[in-house]
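Inspection log for the structure reproduced underneath, given as structure tokens.
The values are calculated or read from the model by the stated rules, or taken from the named source; none is laboratory data. Because the structure is predicted, anything quoted here is derived from the model rather than measured. Quick reminder, even Gly has a Cβ in these numbers, built from the backbone with ideal geometry, and neighbours come from all protein chains shown. With ligands, DNA and RNA removed, areas are computed over all heavy atoms of the protein, side chains included. Shrake-Rupley method; radii C 1.70, N 1.55, O 1.52, S 1.80 Å.
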Amino acid sequence: MDLDGDTLLLELINTTPVENGVPTDALQDDDAAAAWTRARGGSGAAEELALVREVRTVLQDVVRGEAQPDRLAGYLRGAAMVPVPQSGKLEWRLEAPPSRELAVRAVLAWYELEESRPGRLRSCGNPECRLFLIDRSHANRAQWCSMAVCGNRMKARRHYERRKRQPQARATG
Ligand SMILES: [Zn+2]
């Protein structure tokens with residue numbers, strides 16, 4: 001399965017959602033993690049799982065601004081883009097040690113995103129949500145991982161807080 005880089009990157013850093021107020025990790029269990037990587041072109045080998053989990057944490061920290069992007073450089077070790085001429089066109093194929101390929105693809109996707117669409121990958125605006133989003137809107141003002149979930153929840157909360165403040169404002173003013 002040839003997943004595009006954006007999707008792989010976003011799916012990877014979104015494997016630690018908060019569910020019913022509890023932080024979860026979709027890659028914590030080895031079998032679940034192996035199924036996850038296999039569904040994305042990986043092998044499910046132990047070495048691969050360890051690397052995928054590790055690069056996920058670094059990517060999350062980098063996107064949150066808590067780590068320097070330099071931390072990602074090491075994950076590209078051993079990777080090369082190989083030109084493959086095909087029907088008069090040139091395509092580039094990634095070559096990397098099998099256990100490193102998924103991590104390499106995720107890191108390459110991050111660099112590609114930062115270069116072509118800087119700032120578009122960001123944390124969800126709901127402070128209780130640990131998901132990330134890629135803003136593909138023209139206005140570049142998307143704040144929520146999902147309008148249906150966090151967007152509506154945060155709007156409802158703001159509405160509630162406004163209403164809560166109003167009687168007080170009348171009493172003191
Ligand atoms: Zn969210």
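Observations on the model:
- Residues that are open to solvent by 50 Å² or more (accessible area, probe 1.4 Å) and among the small types (G, A, S) were ranked within the range 124-149; the one that is nearest to the ligand (Cβ to nearest atom) is A148.
- The residue that is nearest to the ligand (Cβ to nearest atom), among those in the range 150-165 that are open to solvent by less than 40 Å² (accessible area, probe 1.4 Å) and in contact (Cβ under 8 Å) with a residue 12 or more places away in the chain, is C150.
- Residues in the range 32-60 that are acidic (D, E) and closer than 14 Å to A106 by Cβ were compared, and the one that is least open to solvent (accessible area, probe 1.4 Å) is E48.
- From the options Y111, Y75, residue that is open to solvent by less than 70 Å² (accessible area, probe 1.4 Å), modelled with pLDDT of 95 or more and hydroxyl-bearing (S, T, Y): Y75
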